[in-house]
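The values are calculated or read from the model by the stated rules, or taken from the named source; none is laboratory data. What you see is a predicted model; the values in this text were computed from it and never measured. Don't worry about glycine lacking a Cβ; one is built from the backbone with ideal geometry, like all the others, and counts go over all protein chains shown. For accessibility, only protein heavy atoms count, side chains too; no ligands or nucleic acids. Shrake-Rupley method; radii C 1.70, N 1.55, O 1.52, S 1.80 Å.
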Amino acid sequence: MEKITGKPKRIFRARLLIFAFFLLFIVALPPLVAAPFDRSGGYEARPQESRFFVGQDCGFVLEIPNAAPSVVQMEIPDTPSDVRFLTFKKDEYIDEEGSHGTKIQAWFMFSSPTEQGRQTVLPPFKVKVKNRQYIVPVAPVTVYDVPERLFPELRVLFDGAKNGDAVFVGADSVVVKAGESVHLSLYVRYCTQLLRFSWDLPKNAIFTETERYNIARGEPQGKAFSPDWIPVARFVWTPLVAGEYSLPPISVEAVAYNGSRRTIVPAAKKLVVQEAAQTQSVSEQKNPFFADAFWSDENLVPAESAVAITSEQCRHLAELRSAERNSFPFSRTRTERKAYESQLGFSDVPSEPSKPLPHVLLAISVACALIATALFLSRHTRMMIPPILAAILFLIASIWVYATCVASYAIFSGGEMSQVPEEKFSSSVAVTGGIRVRVMEKAGEWVYIVGTDVAGWVKNDTLWIIE
């Protein structure tokens with residue numbers, strides 16, 4: 001009988017051992033994958049202040065419990081080019097439970113603010129605790145420019161549509177149907193107070209303020225810095241005619257942190273208005289904001305009382321103002337015009353600019369320039385300064401007065417005023433006649449006018465032009 005050697009048994013035991021190690025590896029693999037090694041030790045460097053500013057010391061603190069300062073070491077971190085490491089120090093601290101630990105405080109200085117919508121992340125700290133090295137992450141922070149160098153900012157956000165679903169195209173435009181109302185909100189930041197808040201009425205639309213917040217009423221916000229956007233007011237914008245429209249001009253005079261006053265406007269916004277499925281007139285829409293969109297109560301009168309001032313009286317008033325415009329300031333025609341307007345019940349109406357006045361101012365400017373030239377030729381250079389300054393001032397005054405004379409004005413004889421140059425959109429409210437308005441645009445037989453408290457389209461036969 002053949003003798004069996006021990007080699008097959010050894011091979012079998014080796015394979016069994018390998019198989020056992022393989023099973024043990026399979027069982028131990030999930031915990032190893034699920035819990036990777038944490039090189040930070042659970043530590044994190046946190047900012048000492050809620051906000052950091054450019055050019056100021058910005059501190060971070062790292063607390064290591066159950067470790068004395070003598071067993072803790074920290075390497076000087078490598079920083080980006082716009083961040084400068086200043087210094088760090090170690091102190092011993094005692095927590096609420098009486099345990100001792102090490103507190104590391106490190107200070108940096110940032111040379112540029114954080115980009116809008118992002119945060120600054122510093123490289124991790126390398127710390128040795130009892131000869132064991134840890135890579136400690138640093139909490140991200142936002143770095144602001146010095147408040148005294150920040151100027152107020154204004155922005156507008158579309159909130160949605162009232163009578164339908166507005167289609168938003170990015171952050172700067174919105175698409176709606178004609179006749180739908182879009183809500184928009186106005187926000188401001190980096191300011192301590194608003195001194196003035198105004199907007200212009202858009203054409204072919206109804207634009208109404210629905211809510212005004214405290215800052216818009218002039219209430220001071222204090223000197224404490226805040227990066228938050230503060231609500232100013234809310235509006236409802238109802239376009240009536242298809243087309244592309246820009247945001248109605250809105251301006252705010254705000255006080256910056258350094259005390260200076262700034263007039264600010266929001267970034268450009270675009271409203272794309274599509275044709276409505278069925279166009280309705282303003283009176284059929286029964287929009288509750290219509291009465292307040294363009295007129296205040298004292299400027300509205302019933303249709304039957306709109307003829308209190310006749311067209312002939314408006315024509316005579318336009319003739320008086322035309323004569324005043326073609327005469328010198330404070331002339332007899334100005335006195336006659338004011339007396340006639342007092343008889344009609346008007347007061348505090350702006351005077352007409354004088355057309356001859358810019359020519360006179362220009363002649364005086366030329367005369368002063370000639371005097372300065374003569375003094376220069378006679379080598380009296382020191383005496384040249386007053387006539388040169390006078391020539392410049394009179395020239396600026398001449399240009400300014402001439403610019404006021406270029407604008408076209410008229411006397412509105414009263415009647416219906418529409419928000420669009422179409423008969424079906426005419427309002428059911430008549431505006432009194434005799435008011436002085438500025439002629440802005442013409443479209444066929446329609447003219448767009450702007451007065452002190454009114455704006456809209458009227459027929460050209462209701463206007464008496466001031467020549």
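Would you mind listing the strands (runs of 3 or more DSSP E) fully within region 363-467 where at least 2 residues are among the hydrophobic types (A, V, I, L, M, F, W, C) and without any contact (Cβ under 8 Å) to a residue 40 or more places away in the chain?
Correct list: 435-443, 446-450.
Condition first: surrounded by fewer than 17 Cβ atoms within 10 Å (Cβ to Cβ), modelled with pLDDT of 85 or more and of a type outside the set (Val, Ile, Thr). Can you find one or more residues in region 320-342 that meet it?
For region 320-342, residues surrounded by fewer than 17 Cβ atoms within 10 Å (Cβ to Cβ), modelled with pLDDT of 85 or more and of a type outside the set (Val, Ile, Thr): present.
Would you mind stating whether residue 359 is closer than 16 Å to residue 436 by Cβ, of a type outside the set (A, V, I, L, M, F, W, C) and more than 38 Å from the chain's Cα centre (by Cα)?
Answer is no for this residue.
Please state which of the following conditions residue 183 fails to meet, knowing it meets all the rest: (1) farther than 28 Å from residue 149 by Cα; (2) touching a residue at least 60 places away in the same chain (Cβ under 8 Å).
(2)
For residue 379, work out the one condition from (1) of a type in the set (Lys, Arg); (2) open to solvent by 80 Å² or more (accessible area, probe 1.4 Å); (3) at negative phi it doesn't fulfil.
It fails just one condition, (3).
Quick check: is even one residue across region 414-435 at negative phi and at pLDDT 85 or above?
no
Sort out which residues of region 89-120 are outside any strand (DSSP E or B) and surrounded by 13 or more Cβ atoms within 10 Å (Cβ to Cβ), and write them in order of number.
112, 113, 114 - these are the residues of region 89-120 that are outside any strand (DSSP E or B) and surrounded by 13 or more Cβ atoms within 10 Å (Cβ to Cβ).
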